[in-house]
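The structure appears right after this line, and notes come after that.
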Amino acid sequence: MSEIKHTEIHEEHAEHDTMTRKKIWNVFFVLLGITAIEFFIALYLVPKNIVPIHVANPIYIVLTLAKAFYIVAYFMHLKFEKIGMVYSILVPTLFIIGLILVLTNESHHWVDLR
């Protein structure tokens, strides 16, 4: 009986042992690259009118969501959790984002009526 408990505990820790220094540095460089791309767009492409601002804004949003994914998945260890835990965080977050988008659209409608 004690061998089974010891094996279960060891397997539970094995999931979190996959986050090595090499993996942390890889994630760091991915985040650094995404941030560098954002700065390049904001400080070079938009001021020179190579990329218009209405095209740059959705690019910023996608890049920011990619950075948020890496931070949540690796540094908050959500990537190593069971799928139920992931869904219990992901579904309400998507619902809140959808609610914000709907309310933003509704507020623009009221502004346009004035």
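A short reminder: the numbers here are calculations on the coordinates, not readings from a lab. It should be emphasised that the depicted structure is a prediction, and the values quoted were computed from it without experimental measurement.
Going by a ≥ b ≥ c, the root eigenvalues of the Cα gyration tensor, does the stretch 22-86 fall in the rounded group (a/c under 1.5), the prolate group (a/b larger than b/c) or the oblate group? It comes out oblate by the Cα gyration axes.
Straight-distance candidates among the lysines for linking to K67, with alpha-carbon spacing under 29 Å and chain neighbours fewer than 8 residues away dropped: K22, K23, K48, K79, K82. Note on the stretch 51-106: semi-axes of the ellipsoid equivalent to its C-alpha gyration tensor, largest first and rounded to whole Å, are 26, 18, 6.
Using the Karplus relation 6.51 cos²θ - 1.76 cosθ + 1.60 with θ = phi - 60°, the per-residue 3J(HN,Hα) values for the stretch 33-38 come to x, 4, 5, 4, 5, 4 Hz, with x marking Gly and Pro.
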